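The values are calculated or read from the model by the stated rules, or taken from the named source; none is laboratory data. This is a predicted model, so every value here is computed, not measured. All Cβ positions, even for glycine, are placed from backbone atoms using ideal geometry, and neighbour counts span all protein chains on display.
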Amino acid sequence: MNAKHFPPGSVSGTRVDPYLPDHGNVGYRTTHYDLDLDYRTGPGRLSGRATISATTDRVLAEISLDLGRFRVDRVLVDGAEAHYRHRAGKLRIRPAMPLPADTPFTVTVRYAGEPRPIPSRWGDLGWERIDDGALVASQPTGAPSWFPCNDHPGDKATYRIAVTTGSRYSVIANGALVSHEAGANSTRWVYEQNAPMSSYLATVQIGRYRLVGFDAGPVTQRAAVPSRLLTAARHDFGRQSEMMTTFERLFGPYPFGEYTVVVVDEDLEVPVEAHGLSVFGANHIDGRRGFERLVAHELAHQWFGNSLTVADWRHIWLNEGFAKYAEWLWSELSGGAPAGAHAAQSWAVVAAMPQDLRVADPGVRRMFDDRVYQRGALALHALRVAIGDEPFVALLREWTRAHRHATVTTGEFVALAQRHSARPLDGLFAAWLYERPLPPLPS
């Protein structure tokens, strides 16, 4: 802890999300993160400089950021030394003078240490050291495990991520690779993500990967895969370009400049989405497309979750219900079982579960409950049945266009859906999203 401390005082506020009130900070909105990181894979040590650009919402005597268990060496506000206190996951910064309202400012933090995942009710989240590299999976609260941030899904900013590590490793991060400076012992990789991104979707993947391209069409698609899995991965992701074309027809233009899949040389419980990027485990590669539904799920998140991001975690069905329904749509449109058959199977599974969850506000303990995914998808299928295929696709395309790179709520989706329907939808949405008993199967 630095000697430049100050006594506890009024803070910018931390109760910014009804589910996760200890993450996120109010009083300002971020606009850009510039991260310059050096990672030593042997000792697992990270040193970093983070410069965060933001604008005040009101007069701020103190700025707070979320940051895990690092040693903080220096903090600057607009280039001037600032007093700070780092405790219990919060970096609280006191500039020499209060910042006026509606004023741009920058905070620069120099920090170092061994990145440690952030403990949560869902396990350890964020930066994870693996046998030969590192992976980052932050949803929903793991971002402070590797950089200081305003860790709230509704606070979106552009990013520049520079990583220096051993030259035998590849580094994959969000956005376009704009610089690659190779040296004998270390290599510096620089990525830029110019589409606004939430902190939980920022990622760095470090490993011994083969970097390959797909026959991608208008959207650049790449993969980073361990050599031993390359042949199987080429087959398992072999229909991803077709999937991209199908989803663009259903959901509107792909929202980012490129799409990358990373297959880590470790087993993962589930794949995880990041901004313009998805991460799969080695166990998701079988050479038989046995996990193709997950390829569809993670790709769909680029629209639903990454471009359109929940304003707070109550609305998580807007991420997971839509991605789940995309699995069924891909099955239907690629020659597999129709969405109605998947809906019937899903309905039977959910009907056997307790009827005690509200999809549009499941509670923090049940944010990732399988019923949020399944009932969310069933709600969309019920909506499609009610309004018809053409209005349903028109609704999805307007939804992604109107809120591109922004935040969304359930109320906004319900209101837009009503404009695409000739009949009232209040009862449908009340039954599927806000009431606990499972409604009858849509038919």
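May I ask you to list the residues in region 25-39 that are hydrophobic (A, V, I, L, M, F, W, C) and within 18 Å of the chain's Cα centre (by Cα)?
Residue satisfying the conditions is LEU35 alone.
If ALA96 satisfies every condition in (1) touching a residue at least 24 places away in the same chain (Cβ under 8 Å); (2) of a type in the set (Gly, Ala, Ser); (3) farther than 26 Å from THR141 by Cα but one, which is the exception?
The single condition ALA96 does not satisfy is (1).
Mind listing whichever residues of region 181-231 are assigned by TED's automatic domain parsing to the domain that holds ASP155 and free of Cβ contacts under 8 Å to residues at least 12 places away in the same chain?
GLU181 - this is the single residue of region 181-231 that is assigned by TED's automatic domain parsing to the domain that holds ASP155 and free of Cβ contacts under 8 Å to residues at least 12 places away in the same chain.
Looking at region 385-414 only, could you name the residues that are closer than 30 Å to ASN194 by Cβ and either surrounded by fewer than 17 Cβ atoms within 10 Å (Cβ to Cβ) or among the charged types (D, E, K, R) (or both)? Working first, answer last.
Pass one, region 385-414, residues closer than 30 Å to ASN194 by Cβ: 393-413.
Correct list: ALA394, ARG397, GLU398, ARG401, ALA402, ARG404, HIS405, ALA406, GLY411, GLU412.
Mind telling me which of the residues THR187, THR141, THR203, THR165 ends up being surrounded by fewer than 19 Cβ atoms within 10 Å (Cβ to Cβ) and at pLDDT 95 or above?
None of the others qualify; the one that does is THR187.
With respect to THR246, is the statement that it is surrounded by fewer than 16 Cβ atoms within 10 Å (Cβ to Cβ) and over 11 Å from VAL261 (Cα atoms) true?
Answer is no for this residue.
Pick from region 157-198 the residues that are among the charged types (D, E, K, R) and part of a strand (DSSP E or B): which of them is nearest to THR106 (Cα to Cα)? Before the answer, list the steps.
Residues of region 157-198 that are among the charged types (D, E, K, R), as a first pass: 160, 168, 181, 188, 192.
Keeping just the survivors that are part of a strand (DSSP E or B) gives 160, 181, 188, 192.
Details: ARG160: 15, GLU181: 27, ARG188: 24, GLU192: 18 Å.
The extreme case among them is ARG160.
Has region 367-380 got at least one residue that is acidic (Asp, Glu) and under 24 Å from the mean Cα position of the chain (by Cα)?
Looking through region 367-380, at least one residue is acidic (Asp, Glu) and under 24 Å from the mean Cα position of the chain (by Cα).
Answer yes if at least one residue in region 65-81 is over 24 Å from LEU46 (Cα atoms), out of contact with any Phe, Trp or Tyr (no Cβ under 9 Å at 6 or more places or on another chain) and at pLDDT 95 or above, and no otherwise. Steps first, answer last, please.
Here is the first cut: in region 65-81, the residues over 24 Å from LEU46 (Cα atoms) are 78, 80.
Subsequent filtering for residues that are out of contact with any Phe, Trp or Tyr (no Cβ under 9 Å at 6 or more places or on another chain) retains 80.
Filter once more, so that each one left must be at pLDDT 95 or above: 80.
Yes, region 65-81 contains at least one residue that is over 24 Å from LEU46 (Cα atoms), out of contact with any Phe, Trp or Tyr (no Cβ under 9 Å at 6 or more places or on another chain) and at pLDDT 95 or above.
Residue by residue, here is whether (1) surrounded by fewer than 23 Cβ atoms within 10 Å (Cβ to Cβ); (2) at pLDDT 95 or above; (3) more than 24 Å from PRO153 (Cβ to Cβ) holds:
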residue: VAL261; (1), (2), (3): no, yes, no
residue: PRO271; (1), (2), (3): yes, yes, no
residue: HIS275; (1), (2), (3): no, yes, no
residue: ALA282; (1), (2), (3): yes, yes, yes
residue: ARG293; (1), (2), (3): yes, yes, yes
residue: HIS297; (1), (2), (3): no, yes, no
residue: TRP303; (1), (2), (3): no, yes, no
residue: ASN306; (1), (2), (3): no, yes, no
residue: ALA311; (1), (2), (3): yes, yes, no
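Within region 363-406, can you find the residues that are aromatic (Phe, Trp, Tyr) and touching a residue at least 40 places away in the same chain (Cβ under 8 Å)?
Pass one, region 363-406, residues aromatic (Phe, Trp, Tyr): 368, 373, 392, 399.
PHE368, TYR373, TRP399 - these are the residues of region 363-406 that are aromatic (Phe, Trp, Tyr) and touching a residue at least 40 places away in the same chain (Cβ under 8 Å).
Which ones in region 321-342 are out of contact with any Lys or Arg (no Cβ under 6 Å at 6 or more places or on another chain), surrounded by fewer than 24 Cβ atoms within 10 Å (Cβ to Cβ) and under 16 Å from ARG371 (Cα atoms)?
Correct list: HIS342 only.
Here is a list: ARG58, ARG116. Which entry is touching a helix residue (DSSP H, G or I) at 6+ places or on another chain (Cβ under 8 Å) and in a loop (DSSP other than H, G, I, E, B)?
Values: ARG58 fails: touching a helix residue (DSSP H, G or I) at 6+ places or on another chain (Cβ under 8 Å).
Result of the check over ARG58, ARG116: ARG116.
ILE130: buried (at least 22 other Cβ atoms within 10 Å of the Cβ) and among the aliphatic types (A, V, I, L, M), yes or no? Break it down stepwise before answering.
Values: buried (at least 22 other Cβ atoms within 10 Å of the Cβ): no; among the aliphatic types (A, V, I, L, M): yes.
When the stated conditions are applied, ILE130 does not pass them.
Regarding region 362-377, can at least one residue be identified that is outside the structural domain of GLY276 (by TED's automatic domain parsing) and touching a His at 6+ places or on another chain (Cβ under 7 Å)?
Among the residues of region 362-377, not one is outside the structural domain of GLY276 (by TED's automatic domain parsing) and touching a His at 6+ places or on another chain (Cβ under 7 Å), which makes the answer no.
Residues that are more than 21 Å from GLY126 (Cβ to Cβ) and out of contact with any helix residue (DSSP H, G or I) (no Cβ under 9 Å at 6 or more places or on another chain): list the helices (runs of 4 or more DSSP H) wholly contained in region 225-313 that include at least 2 such residues.
230-236, 240-251
Looking only at region 93-126, how many residues end up being farther than 28 Å from ARG365 by Cα and either modelled with pLDDT under 95 or not polar (S, T, N, Q) (or both)?
Narrowing region 93-126 to residues farther than 28 Å from ARG365 by Cα: 93-114.
With either modelled with pLDDT under 95 or not polar (S, T, N, Q) (or both) added as a condition, the list becomes 93-102, 104-105, 107, 109-114.
Residues in region 93-126 being farther than 28 Å from ARG365 by Cα and either modelled with pLDDT under 95 or not polar (S, T, N, Q) (or both): 19 in total.
Out of HIS381, HIS342, HIS403, report the one residue that is modelled with pLDDT of 95 or more and touching a strand residue (DSSP E or B) at 6+ places or on another chain (Cβ under 6 Å).
HIS403
Could you list, in sequence order, the residues of region 135-156 that are touching a Ser or Thr at 6+ places or on another chain (Cβ under 7 Å) and part of a strand (DSSP E or B)?
VAL136, CYS149, LYS156
Of the residues ASP102, ASP78, ASP73, which is touching a strand residue (DSSP E or B) at 6+ places or on another chain (Cβ under 6 Å), of a type in the set (D, E, K, R), surrounded by fewer than 22 Cβ atoms within 10 Å (Cβ to Cβ) and on the phi > 0 side of the Ramachandran plot?
Matching residue, one of ASP102, ASP78, ASP73: ASP78.
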